[in-house]
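The values are calculated or read from the model by the stated rules, or taken from the named source; none is laboratory data. This is a predicted model, so every value here is computed, not measured. When we count neighbours, we look across all protein chains shown, and the Cβ atoms used for this are built from the backbone with ideal geometry, even at glycine.
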Amino acid sequence: MLINNLKKIVTNTFPTKYKDIIDPLAFVLNPFIDSLTNALNRRLSFNDNFNASDMDLEVKLPINNLNLLHSVKGKVTGLIITRVLNLDNNAAVLTQAPFIEFTQINDNTIQITNIIGLTVGIRYKLRILLYGN
């Protein structure tokens with residue numbers, strides 16, 4: 001169910017004696033009402049609204065401590081693989097859900113230490129979502 005646009009505060013619908021009170025309220029509340037309506041109508045994105053970053057990464061197993069720069073603020077607390085594309089052999093199928101093990105190097109770098117669930121020797125393009133606290 002989509003939320004209908006909430007009514008904005010229209011200053012000229014109030015008696016003029018309240019203009020000094022209504023104008024500042026409308027100035028502050030109307031943009032918030034627009035943002036809230038957009039958020040409730042499924043217009044949130046990870047990159048704009050959460051401490052998260054998504055990126056594409058090409059890998060070929062085995063990997064050896066791959067450093068990855070990111071834009072998550074602070075510590076990366078998790079990583080989700082959202083898409084896996086096999087770049088070498090489309091006939092090879094995944095036999096389990098891929099999982100990335102990593103450690104935090106500094107505020108803008110993680111080190112991928114292992115990727116589980118992909119076939120060794122095949123190149124993959126991974127779409128990953130990193131998120132922080």
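So the values come out like this:
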item: Neighbours by Cβ (under 6 Å, 6+ apart or cross-chain): first from the stretch 60-83, in contact (Cβ under 8 Å) with a residue 60 or more places away in the chain and more than 24 Å from residue 121 (Cα to Cα); second of a type in the set (A, V, I, L, M) and part of a strand (DSSP E or B); result: 70/130; 72/130
item: Any hit, the stretch 76-84, residues being in a loop (DSSP other than H, G, I, E, B) and surrounded by 13 or more Cβ atoms within 10 Å (Cβ to Cβ); result: no
item: Qualifying residues in the stretch 61-70 (those that are exposed (fewer than 13 other Cβ atoms within 10 Å of the Cβ) and assigned to a loop (DSSP other than H, G, I, E, B)) - the one nearest to the chain's Cα centre (by Cα); result: 65
item: Residue within the stretch 40-60 that is closer than 21 Å to residue 116 by Cα, at pLDDT 90 or above and outside any strand (DSSP E or B) present; result: no
item: Selection within the stretch 100-124 - closer than 17 Å to residue 78 by Cα and among the β-branched types (Val, Ile, Thr); result: 100, 103, 105, 109, 110, 112, 113, 115, 116
